[in-house]
Amino acid sequence: MEAGQLLSLVGAAVTAAILGVTIKKQVPQIALLLTLAAGVFILLAVFESVGEAVARLREISGVTAGMEESFAPMLKVTGIAVLSKLSSQVCLDAGERALASEVELAGMAAALTVTLPLAVSVIRVAANMM
Amino acid sequence: MQVDLIFKIAAIGIVVAVLNQLLIRSGREDQALMTTIAGLVVVLMILVREISSLFDLIKSVFGF
């Protein structure tokens, strides 16, 4: 990510925060949506640059044989973590702590589902060695 | 997504806040609520497209 792009993201975040505080007392709903919009804007820019780095990492991992299937769950868990963190923080901003923790729980369940085959194969390899 | 989207949403928020205050002060609280909901719907329509493109990007980057 270039410095100019980072500057625009910083400016957007600060502006959204200030404007959000301004309208929070009258219309807290739209203030929350403003926070969400700024978050979506920043994350879109971040993932576009992260995506190039990840694609390059994927090429490297494809070279080393057998690493692809252990590399993919790691990446998926990162994506799951980002998504669940974003939505739980938005719920916390709205004051919904129960919703936030339930979303985090759903993220944990999804991460478990994704990494389960990997854990099973590790246990199998360990069992074969014994 | 461009930066001016954030400013658009903030402008809608400010307009709705001002209208809200006006309507509440003149005693029409139900119309104030309807104004708020209308503003909410407009902002949501703008945002849903961006949120869906964010999810598509996450899917493609992280390999879902």
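Annotations for the structure displayed:
- Using the alpha-carbon positions of chain B, Rg (one decimal) and Dmax (whole number) come out as 16.2, 54 Å.
- Karplus-derived 3J(HN,Hα), 6.51/-1.76/1.60, for each residue of segment A:115-123, Hz, glycine and proline x: 8, 4, x, 5, 4, 4, 5, 5, 5
- Protein heavy-atom accessible area occluded, A/B pair - total, 1.4 Å probe, Å²: 2800
- Take each residue in A:70-83, count the other chain C-beta atoms within 10 Å of its C-beta, and the mean is 3.
- Label point distance in nm, A:Ala53-A:Leu112, each placed 7 Å from Cα along Cα→Cβ: 3.0
- Angle of helix A:28-63 to the longest C-alpha principal axis of chain A, folded into 0 to 90 degrees and rounded to 10: 30°.
- For chain A, a/c is not less than 1.5, where a ≥ b ≥ c are the root eigenvalues of the C-alpha gyration tensor, and a/b does not top b/c. That puts it in the oblate class.
- The mean sequence separation of alpha-carbon pairs under 8 Å and at least six residues apart, normalised by the residue count of segment A:33-129, gives a relative contact order of 24 percent.
- Helix B:29-62 and the long axis of chain B differ in direction by around 10°, with both axes built from C-alpha atoms.
- Apportionment of accessible area to carbon and sulfur, segment A:1-118, percent (1.4 Å): 69
The values are calculated or read from the model by the stated rules, or taken from the named source; none is laboratory data. The model shown is predicted, which means the values in this text are computed figures rather than measured ones. Positions of Cβ are backbone-derived with ideal geometry, glycine not excepted, and every protein chain shown enters the neighbour counts. We work out accessible area using only protein heavy atoms, side chains counted, and drop any ligands, DNA or RNA first. Shrake-Rupley method; radii C 1.70, N 1.55, O 1.52, S 1.80 Å.
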